[in-house]
Amino acid sequence: MTDAPTYDLERLLTSAGGAKLVAGVDEVGRGAWAGPVSVCAVVTDLSEPPAGLTDSKMLTVKRRTAMVAEIEAWALGIGHGEATVEEIDTLGMTEALRRAARRALESLPVRPDAVILDGKHDYLGPPWPVRCEIKGDLTCVSVAAASVLAKVRRDTHMATLGFEAYGFADNAGYPSPVHQQALAEFGPTPHHRLSWSYLDDLPQWRHLKRHRNALAGEGQLPLFG
């Protein structure tokens with residue numbers, strides 16, 4: 001059984017690091033073929049989190065959906081941000097993630113003094129002091145809360161897009177067999193990322209691929225998450 005996330009890192013940053021408020025930040029949708037990339041930021045007062053809180057991927061759809069209201073009632077501050085398909089295609093994933101994360105942090109009702117980012121890549125940068133934490137969504141309370149809110153919010157959005165043949169309500173834009181079959185037969189929708197390499201494997205739709213200006217963004221991150 002996986003250990004529950006703790007406040008160990010948040011307390012380290014508030015004691016040794018001198019931060020008063022720490023935001024946990026997580027993203028969802030980085031590796032999808034369709035839809036936006038979404039980021040959530042959560043600030044807590046280090047109080048007892050909702051029972052069973054953990055990485056969103058460890059929870060059933062029913063449990064993480066029900067947990068949203070519990071997190072919203074408990075958290076000191078919650079912020080959401082996203083970057084559109086157009087931004088992803090034009091700027092690249094690194095810059096798209098940066099914009100989404102900044103939007104999430106800027107929408108918080110309180111300003112954090114430090115940020116814990118899930119993963120090993122700092123896609124945020126100044127002005128926030130950043131601590132990257134691999135598997136932070138599994139080990140840090142605030143990041144786990146952000147992972148749940150980000151996933152439920154994005155999954156809900158993807159389910160409203162229509163295009164039932166692509167199965168967005170079930171795969172959230174990730175490359176499931178249903179999604180791949182629909183792409184091969186019908187081609188990309190307006191919600192698809194046209195700079196993604198999946199188009200290289202679809203000869204009849206390859207002409208739609210967009211080639212990003214290398215000067216528009218600041219490089220790419222691995223497409224996982």
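The values are calculated or read from the model by the stated rules, or taken from the named source; none is laboratory data. Everything quoted here is computed from the prediction, not taken from an experiment. We place every Cβ from the backbone using ideal geometry, glycine too, and count neighbours over all the protein chains shown. The accessibility values were calculated without ligands, DNA or RNA, using every heavy atom of the protein model including side chains. Shrake-Rupley method; radii C 1.70, N 1.55, O 1.52, S 1.80 Å.
Kindly check whether there is at least one residue in region 53-63 that is open to solvent by 10 Å² or more (accessible area, probe 1.4 Å) and within 19 Å of LEU124 (Cβ to Cβ). Among the residues of region 53-63, not one is open to solvent by 10 Å² or more (accessible area, probe 1.4 Å) and within 19 Å of LEU124 (Cβ to Cβ), which makes the answer no. Can you confirm whether SER38 is assigned to a loop (DSSP other than H, G, I, E, B) and either of a type in the set (Ser, Thr, Tyr) or open to solvent by 50 Å² or more (accessible area, probe 1.4 Å) (or both)? Criteria not met by SER38. When each of ALA75, ALA101 is tested for being over 30 Å from VAL178 (Cβ atoms) and within 11 Å of the chain's Cα centre (by Cα), the lone residue that passes is ALA101. Among the residues of region 70-91, those identified as open to solvent by 40 Å² or more (accessible area, probe 1.4 Å) and under 20 Å from LEU105 (Cα atoms) are GLU72, ALA73, LEU76, ILE78, HIS80, GLU82, THR84.
Hey, any hits in region 93-104 for a residue that's in the same structural domain as SER38 (by the TED database) and part of a loop (DSSP other than H, G, I, E, B)? No, region 93-104 has no match at all. When region 115-127 is filtered for residues that are touching a residue at least 60 places away in the same chain (Cβ under 8 Å) and surrounded by fewer than 20 Cβ atoms within 10 Å (Cβ to Cβ), only HIS121 remains. Pairs meeting the criteria (first residue in region 140-165 and of a type in the set (Phe, Trp, Tyr), second residue at pLDDT 95 or above, beta carbons under 6 Å, at least 6 apart or on different chains) are PHE163/THR189.
Whenever a residue of region 47-59 is within 12 Å of ILE71 (Cα to Cα), its partners that are outside any loop (DSSP other than H, G, I, E, B) and open to solvent by 50 Å² or more (accessible area, probe 1.4 Å), lying with C-beta atoms within less than 8 angstrom and at least six residues away or across chains, give the pairs PRO50/GLU70; GLY52/ARG63. Between VAL148, VAL115, the distinction of being modelled with pLDDT of 95 or more, outside any loop (DSSP other than H, G, I, E, B) and within 12 Å of the chain's Cα centre (by Cα) belongs to VAL148 only. If we keep just the residues of region 130-155 that are open to solvent by less than 10 Å² (accessible area, probe 1.4 Å) and β-branched (Val, Ile, Thr), which is farthest from GLU27 (Cα to Cα)? Among those residues, the one meeting the criterion is VAL141. The set of residues in region 159-174 being on the phi < 0 side of the Ramachandran plot and not in a helix (DSSP H, G or I) consists of THR160, LEU161, TYR174.
Can you name the residue in region 156-175 that is under 26 Å from VAL68 (Cα atoms) and among the hydroxyl-bearing types (Ser, Thr, Tyr) and is also least open to solvent (accessible area, probe 1.4 Å) among such residues? Among those residues, the one meeting the criterion is TYR174.
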